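One structure below.
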Amino acid sequence: EEITTTATSGSDDGRRTATEELGFDLVLGSDLVYCKDVVKPLFTSAALLMSKTSAAALLMTQSFVYEDETEEEIDRMCKKLSLKREILRDDLGKDCHNNVDGVRVQKYTSVT
């Protein structure tokens, strides 16, 4: 299965695709994944935005635990897009007795 994404910007007479123009060293996101169905478009877009720089990274936080099938879809997309997943912090649900919700911070980078 091939994954392609094209985004355009500019006026009708000067359209450029995102792959020609855009590139970011850092892509940030918080609580973006609420079901398995958003994983493919999210990670495809992030990989496209990170494709111009080998040291680019996606930092993503979440304030709730994902369902198992969502975690599996993230792993599948990381493999397909050659992304490395690193959990920088994970304290979701660890202090539930004191009403502290916690957070998970993940970093995704290109596999070199």
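The values are calculated or read from the model by the stated rules, or taken from the named source; none is laboratory data. From a predicted model like this one, the values you see are computed outputs, not experimental measurements. Backbone-built Cβ (ideal geometry, glycine too); neighbour counts: all protein chains shown. Note: accessible area is taken over every heavy atom of the protein model, side chains too, but ligands, DNA and RNA are not part of it. Shrake-Rupley method; radii C 1.70, N 1.55, O 1.52, S 1.80 Å.
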Only unsatisfied item for Ala18, checking (1) at pLDDT below 90; (2) surrounded by 15 or more Cβ atoms within 10 Å (Cβ to Cβ); (3) touching a Phe, Trp or Tyr at 6+ places or on another chain (Cβ under 9 Å), is (3)
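Residues are listed down the side, and each one gets a yes or a no for (1) in contact with a helix residue (DSSP H, G or I) (Cβ under 9 Å, 6 or more places away or on another chain); (2) open to solvent by 80 Å² or more (accessible area, probe 1.4 Å):
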site: Asp31; (1), (2): no, no
site: Asp37; (1), (2): yes, yes
site: Ser63; (1), (2): no, no
site: Glu67; (1), (2): yes, yes
site: Arg76; (1), (2): yes, yes
site: Ser82; (1), (2): yes, no
Residues of segment 52-61 that turn out to be of a type outside the set (D, E, K, R) and either surrounded by fewer than 18 Cβ atoms within 10 Å (Cβ to Cβ) or in a helix (DSSP H, G or I) (or both), as a count: 5
